Amino acid sequence: GFFIKNCHNRIMISRNTSFRNIRGRGFAIESSSGVIISKNNAHHNGFRGIQVGNSSNILLEKNEASNNGSAGVVIFNSFKITAEKNIVQKSTYEGFAILGTKDSKFEKNEAKNNNTYGFRVSGGSNNLFEKNTAYSNGVLDLLDSSCPSLSNTWISNSFNTANCLGIN
């Protein structure tokens, strides 16, 4: 796949690029900042479609991830991430896995027909989830492990099934 590490400049992963049939991750960003990932397609990869780890100030917009071997989009141990208008479907596990991430915004994303969760959120704080949609996911459309303390903010989302009442 495509891998960016220790990059701290404005970089844009080209639009309309397809990352497919890769044994591991479609594309990944690690220990970087100021990267824009826009209008790409990551599908039929052996592991994750899109991965962002240990990074900050990343914009992930209008991407599609489908039929990936693990999760569609994984964001971990990062901060100040903006993910908007991404579509994730038919992942072997979860659509979006947001792990140990803080001070980030997730808006108008869609997760559907993933085998376990649409959105799985764990170990993060001070994230804003607004106008996201998840449906027809295998176990739950939303799992937030911070429930019931709700260290994240949830506004105007649409989830058919969630582990916490009042989270929409």
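Counted residue by residue at 0.36 nm each, then reduced by the alpha carbon distance between them, the extension gain from LEU59 to ILE36 reaches 7.8 nm. With the dipole of the chain worked out from charges on the C-beta (+1 for Lys and Arg, -1 for Asp and Glu) around the Cα centre, which of LEU140, SER104, LEU59 lies farthest toward the positive end? Among LEU140, SER104, LEU59, the one farthest towards the positive end of the dipole of the chain is LEU59. Along its principal axes, the chain has C-alpha extents of 39, 28, 21 angstrom, given from the largest down. Carbon-plus-sulfur accessible fraction, segment 62-149 (probe radius 1.4 Å, protein heavy atoms only): 43%. Computed over the alpha carbons of segment 22-112, Rg followed by Dmax gives 11.5, 32 Å. Using Cβ point charges alone (K and R +1, D and E -1), the dipole size of segment 79-168 about the Cα centre works out to roughly 140 debye. The distance between label points at SER156 and THR92 comes to 3.7 nm (points 7 Å beyond Cα on the Cα→Cβ vector).
Note on segment 95-138: with charges restricted to the Cβ of Lys and Arg (+1) and Asp and Glu (-1), its dipole about the Cα centre is near 40 debye. Each Lys and Arg contributes +1 and each Asp and Glu -1, all at the Cβ; summed about the Cα centre of the chain, the dipole is approximately 500 debye. Contact order, relative form, for the chain: 13 percent (alpha carbon pairs under 8 Å, 6 or more residues apart, mean separation divided by residue count).
Isolated cysteines in the chain, defined as those with no second cysteine Cβ under 4.7 Å, comprise CYS7.
The values are calculated or read from the model by the stated rules, or taken from the named source; none is laboratory data. All values derive from a computational prediction rather than experimental measurement. In this analysis, Cβ positions are derived from the backbone assuming ideal geometry, glycine residues included, and neighbour counts consider all displayed protein chains. Note: accessible area is taken over every heavy atom of the protein model, side chains too, but ligands, DNA and RNA are not part of it. Shrake-Rupley method; radii C 1.70, N 1.55, O 1.52, S 1.80 Å.
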